[in-house]
Amino acid sequence: MGRMDLPNPTSIQNLYEYDPITERYILTRTLGEFNISYPIILTPEEYQELVLREQMKAYFKEKIDAADGRKEGSEEGQKNLLPTFYVNSNFFETVFGGNTIEVIPQGTVEMDMGLLFTKQDNPSFSPRNRSNLSFDFDQRISLSLLGKVGERLQVTANYDTQSTFDFQNVIKLEYTPTEDDIIQKIEVGNVSMPLNSSLIQGAQSLFGVKTELQFGRTTITGVFSEQKSETRSVVAEGGATVTEFELFALDYDDNRHFFLAHYFRDNYDRVLAQYPFINSNVQITRAEVWITNRNTTTNDVRNIIALQDIGESDPTNIGLNVVPGGFINASRNAFPDNSNNDFNPFGIEDPSQQSILNSAIRDIATVQAGFSGVPVSDGIDYVTLENARKLQPNEYQLNSQLGYISLNQRLNNDEVLGVAFQFTVNGKVFQVGEFSTDGVEATNGVFNNGEGGQSGQGGQGGQGGQGGEGEIGISQNLIVKLLKSNITNVNEPVWDIMMKNIYPIGAFQLEQEDFRMNILYTDPSPLNYMT
């Protein structure tokens, strides 16, 4: 037999009476004027524990009803779901003007979570890259928090992931003592310093500490902060704005603009000596640009080996610590080409072309052995990059005569940039690196047929033997020219390939009329030291 507990009707009441003689509490249950149970005698400790238990039960019932939202008046109760904390300390009450800690949050938090699975049966991709599983996570937070400690300390915080400007996300701590104190107010966080003077302008969007002091009738306001805003005077003339800018020599646009080879850097000034006429017979016809794959893209990805010295013929531009004898095969002023030195990828499959590279460089696990014993350093002389992403033509600009590229998005310091390009000079074709369409397949098919099995490339396998049958796809690496390594070393020749003569001024649609730029050079005089 089960039982069902029902709440007591309102006519049944529990009455507590205190007996000062015995120092006990007497609990009686009455229905009208009649006692319906034996009295219960409680010590003061038992009575306090009973009252505390009943208060906790009533408190949590109130919060549950408020969160449920079905009872009348629950909307008002939802505003106070977080409890008010009390601190039993006279020192705390003296400092903060009260013994309560109250937190009032407002806002919404939304999250979208999912899994994104893509599969492409493209034979040009390695089997590992034909399917991809990734998380799809998106969050939207709009939160406002107001905290009060006593009557003198107040904390305000606003955060919105979809805010238009960063200064809309603020956090501020404000302490206000009594009116008789020297320190009238202390603000920490996002503060402002408005001034009522037209001669000296105030500042907005500051992050730091602001304090107001009062000595009698003298008031002092001080700020120690970092200014996150900027004041500019803009002059509009004929529908356009005139803005002044100032740049230093070190403020160049780094990790965006790169020469394709040292030849283009060494001849840059000569080619532009009669600008706007470009004195160059070079015409770049093809280019493939590869970078580190940061967004897990599965389209147009390949394993690449980026070589620093490929295509170079000037000994000063060779980065090898020990250059093998007969390594350079062309004059130092020759046009960039794979045959200029023995890092010639065409010689891997074609024995008629001189090269120290061998087929081991095609496998990501045996790259070091692919240099035929020449001492090379990973990250310096070459970079191994798995699943490199090929940039689309709309992601960079190529100057086909001056021989440099400009990326739409700046690279991070740990990202790698490699390129393969082809150009013509008076009808003669030159090429540096390998293109993805040059016949180097993404995978090298190897069939495993047990004992007596044979191996083949490009889909040809052995026959016969015993054991399990199946194709093992080995990813093959492309050989390209290294323009940027994930290791920055200013002493290596690849450092000179990055252009350092392009400066961003933060403007667009510039007009040649009224545009003026002054280049200033300061020669620091040597200082005299006393020894």
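Some notes on this structure:
- Conditions (1) in a strand (DSSP E or B); (2) at pLDDT 85 or above; (3) in contact with a Gly (Cβ under 7 Å, 6 or more places away or on another chain); number of the one not met by residue 423: (3)
- Restricting attention to the stretch 506-531, the residues being on the phi > 0 side of the Ramachandran plot and either at pLDDT below 75 or in contact with a Leu (Cβ under 9 Å, 6 or more places away or on another chain) (or both) number 2.
- Within the stretch 374-389, the residues that satisfy the criterion of being assigned to a strand (DSSP E or B) and not aliphatic (A, V, I, L, M) are 378, 382, 384, 386, 387, 389.
- Candidate set from the stretch 220-253 (those that are β-branched (Val, Ile, Thr) and in a loop (DSSP other than H, G, I, E, B)); member that is modelled with the highest pLDDT: 243
- Residue check for residue 438: surrounded by fewer than 21 Cβ atoms within 10 Å (Cβ to Cβ), farther than 16 Å from residue 286 by Cα and among the charged types (D, E, K, R): no
- Within the stretch 352-373, being under 18 Å from residue 326 (Cα atoms) and part of a loop (DSSP other than H, G, I, E, B) holds for 352, 353, 354, 355, 356, 357, 358, 372, 373.
- Any hit, the stretch 69-83, residues being at pLDDT 75 or above and either surrounded by 10 or more Cβ atoms within 10 Å (Cβ to Cβ) or assigned to a strand (DSSP E or B) (or both): no
- Residue satisfying condition, being of a type in the set (Asp, Glu) and exposed (fewer than 14 other Cβ atoms within 10 Å of the Cβ), within set 49, 62: 49
- Residue in the stretch 206-219 that is within 33 Å of the chain's Cα centre (by Cα), farther than 20 Å from residue 177 by Cα, modelled with pLDDT under 75 and assigned to a strand (DSSP E or B) present: no
- Which listed residue is surrounded by 15 or more Cβ atoms within 10 Å (Cβ to Cβ), modelled with pLDDT of 80 or more and more than 31 Å from the chain's Cα centre (by Cα), from 476, 431: 431
The values are calculated or read from the model by the stated rules, or taken from the named source; none is laboratory data. All of these numbers come straight from a predicted model, not from anything done at the bench. Positions of Cβ are backbone-derived with ideal geometry, glycine not excepted, and every protein chain shown enters the neighbour counts.
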